[in-house]
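To keep things clear, I will list the structure first and then write my remarks on it.
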Amino acid sequence: MNSRINHHPSTEQLKLFNEGLLSTGLSVAVSAHMDFCVECHETSNHMKSELADDWIKTIDAKKSMDADQFSHLIDEITSQDQSVPVDQIDGLLDEKIELHMHERSVKLPRVLSKAAGKGVVWKTLPGGINTANLGMDRETQCDFMYMKPGSQAPRHKHHGLEVTLVLDGTFCDELGEYYPGDFVLRRGSETHTPQSEEGCLCYSVLDSPLIFTSGFSRLLNPFQKYVFNKKAHQRV
Amino acid sequence: MEIHETSTRAMEGTDNEALLIAVGNSQDRTAFSALFDRFASKIYAQGMKITRNDQLSKDLVQEAMLVIWQKAPLYDLDKGTAQAWIFTLVRNRCFDMLRKLKRQPDGICADDIFVESGSELSVNPEQQQMAEIQVEQIQQYYKKLPPAQQEVIEYVFMKDLTHQEAARNLDIPLGTLKSRLRLALTKLRENIGVEQ
């Protein structure tokens, strides 16, 4: 399981993640990857401590408010009850949910359980691929992608960035084979044809529409941009 | 104002961890004022960096300092330095503030994404073995918990009920169940930590 993870977020992505500067869709992918990957989890914690140290050392801006406001605010805060509201407890006790497909049920990482908590709607794409959109933000298109056993996605490329996090099963493409926890990054112009013998559930994040490059699937291209924009703007 | 300045001056040599623990353990207002002095301008600067808006940055100071006050009882030294803990709270509030500004859907928030605990990671075989040894320890400590906390652990972990089902079966509000569970787990983790 854990030992088979070969693909991880880059150091730069982990840093941006810890600074809170990645898009929500990508942050969810990194967070879910760390549910599988102890190494990245530890690296990330270490990085966060370093960022906190830098924060304390380097930023020393002007006072945010005058002394009167300070004092007033302190009084206001300390007059409040200190008990922690249940909804602010660190997500420790949130439940994980299972996603049911035709052939299998998959227990989702915590963050994706939360995202899928209200239920998902599956749609069918060419090649035995099913997707269910998750509205995360306005910058990315985030989907669960389920490849049925023996399925092959149409050959495609992207202008931007595609992150695929394997949640269950395996898939392969021209560049390798991917196992649960693998955080697979494809950048613009890389063309690939994912396929899965045993079936595979992934969480996928796109920051621009897919461009299909083979057969009848190319007919989908004019619609991809429309669908991407529509999904990205529906999320209010 | 002078009283505030005099009292926080007395705290000058105290480290952030001691201040935060004093706030958490005994609602120490002077310690909180000292933390406020040390962190408010940094939080404000962080807000300006992200939002470039004075009012939003002041809101961030207020919101983050309130959460520090409220969550201080949850802080302990196992969670790292006080500044890393505060940095996380501020980063999370900032993240949510930006999401709100961009009118993103509210189904998910920073606390869901930036989870503190590594306890739920998928386990490999070596970790599995360690876990089995720990289960025996947990069972010993479990018996020492107050009956109300034993009960929630039993329903959620042994009978494997959802939080809602467990709350219904025990005839207690969901919030009560969650806080009892939280207390019980914190206690168990503390005990196991001490033993190791």
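Take every residue in peptide B:99-112, count the Cβ atoms of other chains within 10 Å of its Cβ, and give the average of those counts.
Taking the mean over all residues of the peptide, I get 6.
For peptide A:43-52, what's the mean number of Cβ atoms from other chains within 10 Å of each residue's Cβ?
For this peptide, the per-residue mean of nearby foreign Cβ atoms is 4.
Between region B:46-116 and region A:122-141, what is the C-alpha centre distance in whole Å?
Taking the Cα centre of each part, region B:46-116 and region A:122-141 sit 30 Å apart.
Calculate the mean, over all residues of peptide B:81-91, of how many other protein chain Cβ atoms lie within 10 angstrom of the residue's Cβ.
Working: counts 4, 2, 6, 9, 2, 3, 10, 6, 1, 3, 8.
Mean partner shielding for this stretch: 5.
With a Förster radius of 51 Å, plug the Cβ-Cβ distance of residue B:169 and residue A:69 into 1/(1 + (r/R0)^6) and report the FRET value to the nearest 0.05.
Plugging the Cβ-Cβ distance into 1/(1 + (r/R0)^6) gives 0.55.
Just report the Cα centroid separation between region B:132-184 and region A:151-204, whole Å.
40 Å
Given R₀ = 41 Å, what would the calculated FRET efficiency be for residue B:27 paired with residue B:160, taking r from the Cβ atoms and rounding to 0.05? Show your work: numbers first, answer last.
Numbers: r = 38 Å, r/R0 = 0.92.
The calculated FRET efficiency here is 0.60.
List, in the order given, every pair from A:107/A:148; B:143/B:178; A:57/A:114; A:48/B:143; A:114/B:58; A:15/A:57 whose Cα-Cα distance in the structure shown is over 26 Å.
A:57/A:114; A:48/B:143; A:114/B:58
Hey, can you rank B:80-86, A:49-55 by average C-beta count inside 10 Å, highest first? All intermediate terms of the calculation are to be shown ahead of the outcome.
Numbers: B:80-86: 21.6, A:49-55: 16.1.
The packing order, highest mean first, is B:80-86, A:49-55.
First measure r as the distance between the Cβ atoms of residue A:159 and residue A:39, then evaluate 1/(1 + (r/R0)^6) with R0 = 30 Å and state the FRET efficiency to the nearest 0.05.
E(calc), rounded to 0.05, equals 0.45.
None of the figures in this text is laboratory data; all of them are computed from the coordinates on show. Keep in mind that what you see is a predicted model, and the values were worked out from it rather than measured. Cβ: placed from backbone, ideal geometry, glycine included. Neighbour counts: every protein chain shown.
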